[in-house]
Amino acid sequence: LVIASHNAGKVREIRALLEPFGIEPVSAGDLGLPEPEETGTTFAENALLKAHASAEASGLPALADDSGLCVAALNGAPGVYTADWAEKQWFEAQVLDGAGRDWYLAMGKVEGKLAEQGPDVDRRAYFTCTLALVWPDGHEEIFEGRVHGTLAWPPRGTMGFGYDPVFVPLGRQQTFAELDPAEKHAMSHRADAFRKLVEALFD
């Protein structure tokens, strides 16, 4: 099984979810497969683009994830553009450190837009994950998961990735970046989608 991603954090989480089933996946990055441009306007469209690209290039089944943060007070933004909010300017990425994404920049953008709405702003948010599993013959399956919570500020914790340092899942006091990775895996949007995949394909 190919994990159709070049995101090390995402690959690590999916690998941990697959481990109990005796599946040792390989990532698109490990295989040197190209990353398709994510031109979809929905999570499902982007997940399918990535999964089809990896399945066709490798001749193996491919699992892709497209996920994002949806903030109530921002009408669901950043949503499908979650990663884009972390993009540095081309000059910064090339001249300063070569990294194209700055997640603290992205978290700051979200917080800035919330702050514009005043101290009583609705801080509810959810992470959503769409998994697309595609076989080399073109057959495809889609599974969606969510985890609801609220946004904290300033960022807290050093575990996790992306917007994890500002996301506090419902019923917890800690952000995803403060939780033990195993605890996060058990409740995350990715785990919710993966449970649905398991019920459909492994059970």
Notebook entry, point to check: Under 6 Å by Cβ, and 6 or more places apart or on different chains, what pairs join a residue from the stretch 32-51 that is within 15 Å of ALA193 (Cβ to Cβ) with one that is among the charged types (D, E, K, R) and open to solvent by 40 Å² or more (accessible area, probe 1.4 Å)?
Noted result: ASN46/GLU38
Note to self: Restricting to the stretch 134-148, name every residue that is open to solvent by less than 80 Å² (accessible area, probe 1.4 Å), in a strand (DSSP E or B) and not acidic (Asp, Glu).
What the structure shows: VAL134, ILE142, PHE143, GLY145, VAL147
Check: Only one of GLY118, GLY138 is of a type outside the set (A, V, I, L, M) and under 24 Å from ALA72 (Cα atoms); which?
Finding: GLY118
Item checked: the stretch 70-86, subset part of a strand (DSSP E or B) and either modelled with pLDDT under 95 or over 12 Å from the mean Cα position of the chain (by Cα) (or both), residue nearest to GLU38 (Cα to Cα) -> PRO78
Notebook entry, point to check: Do you know which of the residues in the stretch 165-182 that are of a type in the set (Gly, Ala, Ser) and closer than 16 Å to GLY9 by Cα is farthest from the chain's Cα centre (by Cα)?
Noted result: ALA182
Item checked: Number of the exception - GLU87 against (1) under 28 Å from PHE167 (Cβ atoms); (2) touching a Phe, Trp or Tyr at 6+ places or on another chain (Cβ under 6 Å) -> (2)
Check: Regarding PRO154, is this residue part of a loop (DSSP other than H, G, I, E, B) and without any contact (Cβ under 8 Å) to a residue 24 or more places away in the chain?
Finding: yes
Note to self: If ALA186 meets every condition in (1) of a type in the set (A, V, I, L, M); (2) assigned to a helix (DSSP H, G or I); (3) modelled with pLDDT of 90 or more apart from one, which number is that one?
What the structure shows: (3)
Next item on the list: May I ask you to list the residues in the stretch 132-156 that are small (Gly, Ala, Ser) and either modelled with pLDDT under 95 or within 30 Å of ALA53 (Cα to Cα) (or both)?
Entry: ALA132, GLY138, GLY145
Check: Only one of (1) over 26 Å from PRO78 (Cβ atoms); (2) open to solvent by less than 30 Å² (accessible area, probe 1.4 Å) fails for LEU31. Which number is that?
Finding: (2)
Item checked: Residues of the stretch 165-182 classified as at pLDDT 90 or above, part of a helix (DSSP H, G or I) and out of contact with any strand residue (DSSP E or B) (no Cβ under 9 Å at 6 or more places or on another chain), total -> 1
Next item on the list: Go through the stretch 59-81 and give me each residue that's without any contact (Cβ under 8 Å) to a residue 60 or more places away in the chain and either farther than 22 Å from VAL110 by Cα or among the polar types (S, T, N, Q) (or both).
Entry: ASN75
Notebook entry, point to check: When the stretch 157-203 is examined, which residues are found to be in contact with a Pro (Cβ under 8 Å, 6 or more places away or on another chain), touching a residue at least 40 places away in the same chain (Cβ under 8 Å) and open to solvent by 30 Å² or more (accessible area, probe 1.4 Å)?
Noted result: GLY160, MET187
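The values are calculated or read from the model by the stated rules, or taken from the named source; none is laboratory data. Quick caveat, the model's predicted, so the values are computed rather than measured. Glycine also receives a Cβ, built like all others from the backbone with ideal geometry; neighbour counts cover every protein chain displayed. Quick note on the areas: whole protein, heavy atoms, side chains included, nothing else; ligands and nucleic acids left out. Shrake-Rupley method; radii C 1.70, N 1.55, O 1.52, S 1.80 Å.
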